[in-house]
Every structure is written in C-alpha cells, then in structure tokens.
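The values are calculated or read from the model by the stated rules, or taken from the named source; none is laboratory data. This one's a predicted model, so the numbers in the text were calculated from it and none came from an experiment. Cβ placement follows ideal geometry from the backbone for every residue including glycine, while neighbour counts extend to all protein chains displayed.
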C-alpha cells in the first residue's frame, strides 16, 4: 500500500513539474528558453504516462514530441534568428536566475526516473497494471481506426503541401 | 528491498566508473589504430605503448581555462554538454551485458534507447545556438537536420527485430537469438541501423556538424576545458553505445554458438563483439571522405528510408507467411 501511495506522490510531482514548466513556456520572454521549458513539460508528461502504466505511450511521447517535433521547433527558431536578439540585450548578471528554473525541474525529473527504474518494488507495482504496445496497437486498429485514418489523411495533405513548397522553381536550381 | 536498492546503486556506480575511463582510452586506441593504418606510429610516448596518453590529455584539459564567452547564453551553454553525456550514459542502463549484469530490464528498453538518442540531439543543437557564433550555429543546424532525418529510419530499421522477437525488452531480444542471431534475416535492417548510428553519433563520414575544414569545429567551436572534454566523452560513449546496441539487436548479445560459448565467459564475448564494431567505426573514419551536406540528407531520405521501409514490409510479410 505504501509503495502505491508513493507512485501517486511521484505522479503528482511529475504533473506539477509539467504544469509549472508549461506556465513558464507561455510567460517566458526568450524563445529558446521557452522551448526548453516545453521540452521539460513534455518529458514530465511522459513520466506521468509511465507511472500510469503506459510505458509505450511514454516512450513515444519522448521520441516523437521531445525528440523530433521540438527539435524542428528549435531548428526553425535558430534558422530565423529568433531569440538571439533578446539574449544580446539580456545583462549577464541576471544569468543565474535564468538557468536555475529548467535545470531544477529537469533534475527533479531525472531523479524521479532513476528512482522508479532502480526501485524494483515500484516497478513490480507498475507491471501489474501495464498497457503494453500490443494493446495500444489493437485499440488503434480496432475502435479508433477511423481517427487513425483521418489523421493519416491530414499528414498526407501536409506532406503534399511540403513537397509543393520545397519543389525547386526552375530546372536549373539544385541538383 | 533496501539491500537490493543499494546493490543497484553500486552496479550503476561501477558501470559509470568503468565506462568513462574506457571511453577515454578509446581516444588513444583510435589515434593509435589510425596511426597504424596510415603507416605511422601515433601517440606512443606516455606509458607503455602510449596508453597513458588519454590521462595526460585529461590533465592538460583540466589545466586549461574553462572559458564561457560573454556573448553566449550562459544557461544553455553550460547545460548542453551535460545533456549529451547524461543521455548517452542513461542509455547504457537498459543494455543487458550478461545474463546477470545489466542495470534495468525495462520492458520498453529499445524505445528507451531511441528516446535517449533523440534527446541527445539537444546537446549539439543547443550548444550551437548558445555559443552565439556563426560557425557554431551552422554546426548546430546541420546537426538538427541530420539527426532528425536519420533518427526516423534508425527507429524503422530496428522494428524488424521487434517483429521477429515480439518484444521491446532488450534482454528478451537477446534470449530470442539463442537458436540463431538475427543478422541472418535482418542484414538490411542491421546495415541501415549501423549507418543511422554513425550519423547519430556524428562520426566521420557523417561528422558534418563539426566538419573542421568548413566550420572550424562546428557546434563546439566556442567550447574549451572540461565542457569540451564532456562533448568528446559523449562522442566516444555513443560510439560504444551504438556498437553495444548492434551486438544486442543483431549479433546475439553475450550468446555464442555452442562450441565457442564455453571457451570464454559471456561478458568477454560481449566485450569482444563490441570491440569489433568500435574498430569498424575507427576504420570508417580513416577510409571514407566526407559527403556534402545536401548529399547526406538526400541519401538519408531517398535511399535509406525506402530501404528501411521495404525491409520492414518484407519482414512483416515473411513473418505472416510463417517463413521467419
């Protein structure tokens, strides 16, 4: 019973981290720092998924959102030079208060993850109520088939539009 | 419960304490091997055969000024190298070394590895951005584009393994290869995985984020001292990680065919197999030229992605047909 309660405690801790980080995303002034908070928020949500017994969803959350989509965000921000101007104007003395936040939240998450993975008692508790990848697949291709198909149409439309924009205009362009 | 917890922590500590010096020694091994392949000596002065060269380098790097450029973004600048090293070290937690050794039997071990590999991108990208210098920014942008592209089919290439073994748990994947290594049926998947792995660890020939001839040093142009050493450490750790993952996924982990498995303990076989791939990585560095950046991306999306998809499709079809 006590370990179940501690799973709940860990869940609320991760959820709080997610909320705090999300608030920092919309209140921050520096674009890249806001994106970093968004990454931490997504990682916290992934930990929430893991604690609720959905490791597959947690893994995909990290791989797809934090690992791919947000990297593209950062890429775009870097490419258009957003965020660099603000950094130039920010006085260096305020640097300390700037970096304590994300580091603290990220460290909390890391400690929590190591605690859960290293503690076999907690892991056993988690394994009792687990939703594995097979069940996710069966749900996706069973009751939610229509939603999957519709979202795939949406992605296809995006792909076609992307191809259209990326197509070289003249034949003499890139090889 | 408590002794178990302490035992786990001890295991983690020993693993980190071994991995980091091994990664440092790898720098010497690489320089020495490159020397031999290029018909020269390489570093051979410090200690027997020069094996203490890494130690000397470490002392030198600790003595250097650890400079944080005033024009940089301090938070991100300090954070970036740490993210890289931590992500790679975290991945080692799910690798099953022997039947008994291995920090965690996470049942999504393979996904965990992919997740950590995709988070490691931030190290390079943020380093490039935070340095606030043009070379570093270009390197960081290259790294972002390269890693996001190659990550896609790194994930796809190992799905064949998941199809055949029916699990994401790395220990179970190894045990499923008792009758025969997966390389027999997944050679294409292995090739794609290895190429993607080289790109993920941005080693030559895919080291465009730090291409010295064009970008000075790419994303770590502004880094010095200990933080530069962390980047270096992360790179060699990820070489070992990709080698270990190749062995676990395609070459049966610690398993060996029946007459050989009694000759040496499983851990030694595992390390020998890893070393084989590490040497392959080094040999690649000495023998291949660096492609142009658009060639790299075109190769990824137009060659590797279709091959990975086709491999997955054929594997699935053969699996359904009961051949594999």
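Observations, loosely collected:
- Failed item, numbered, when residue B:42 is tested on (1) without any contact (Cβ under 8 Å) to a residue 40 or more places away in the chain; (2) at the interface with chain A (Cβ under 9 Å from one of its Cβ atoms): (2)
- The residue of segment B:118-133 that is nearest to residue A:74 (Cα to Cα), among those that are more than 9 Å from chain A (Cβ to nearest Cβ) and at pLDDT below 80, is B:131.
- Of all residues in segment B:55-94 being in contact (Cβ under 8 Å) with a residue 12 or more places away in the chain and in a loop (DSSP other than H, G, I, E, B), the one that is nearest to the other protein chains (Cβ to nearest Cβ): B:73
- Hey, residue B:297 within 14 Å of another protein chain (Cβ to nearest Cβ) and surrounded by 15 or more Cβ atoms within 10 Å (Cβ to Cβ) or not: yes
- Residue list for segment B:40-55, filter: surrounded by fewer than 18 Cβ atoms within 10 Å (Cβ to Cβ) and modelled with pLDDT under 85: B:41, B:44, B:45, B:46, B:47, B:48, B:49, B:51, B:52, B:55
- Residue satisfying all of: in segment B:95-117; modelled with pLDDT of 85 or more and at the interface with chain A (Cβ under 9 Å from one of its Cβ atoms); surrounded by the most Cβ atoms within 10 Å (Cβ to Cβ) among these: B:117
- Cβ-Cβ distances below 7 Å connect the following pairs, each with a first residue in segment B:122-138 that is without any contact (Cβ under 8 Å) to a residue 12 or more places away in the chain, a second residue that is part of a helix (DSSP H, G or I) and buried (at least 24 other Cβ atoms within 10 Å of the Cβ), and a separation of six or more residues or different chains: B:137/B:128; B:137/B:129.
- Qualifying positions in segment B:205-233 - part of a helix (DSSP H, G or I), crowded, with 24+ Cβ neighbours inside 10 Å and modelled with pLDDT of 75 or more: B:219, B:220
- Qualifying position, being modelled with pLDDT of 80 or more, outside any helix (DSSP H, G or I) and out of contact with any strand residue (DSSP E or B) (no Cβ under 8 Å at 6 or more places or on another chain), among A:168, A:143: A:143
- A Cβ distance below 6 Å, combined with a sequence gap of six or more or placement on separate chains, defines the contacts here; from segment B:16-28, residues that are free of Cβ contacts under 8 Å to residues at least 40 places away in the same chain reach residues that are assigned to a helix (DSSP H, G or I) in the pairs B:25/B:54; B:28/B:53; B:28/B:54.
- For residue B:4: the one exception among (1) surrounded by 18 or more Cβ atoms within 10 Å (Cβ to Cβ); (2) in contact with a helix residue (DSSP H, G or I) (Cβ under 7 Å, 6 or more places away or on another chain): (1)
- Applying the criterion of at least 2 residues that are more than 9 Å from chain B (Cβ to nearest Cβ), at pLDDT 80 or above and touching a helix residue (DSSP H, G or I) at 6+ places or on another chain (Cβ under 9 Å) to the helices (runs of 4 or more DSSP H) found wholly in segment A:24-84 leaves A:31-51.
- When each of B:138, B:164 is tested for being surrounded by fewer than 23 Cβ atoms within 10 Å (Cβ to Cβ), more than 9 Å from every other protein chain (Cβ to nearest Cβ) and modelled with pLDDT of 85 or more, the lone residue that passes is B:164.
- Filter result (farther than 13 Å from residue B:75 by Cβ and under 14 Å from the mean Cα position of the chain (by Cα)) within segment A:21-39: A:21, A:22, A:25, A:38, A:39
- Of all the numbered requirements in (1) over 27 Å from residue B:287 (Cβ atoms); (2) buried (at least 19 other Cβ atoms within 10 Å of the Cβ); (3) in contact (Cβ under 8 Å) with a residue 24 or more places away in the chain, residue B:202 misses one, and that requirement is (1).
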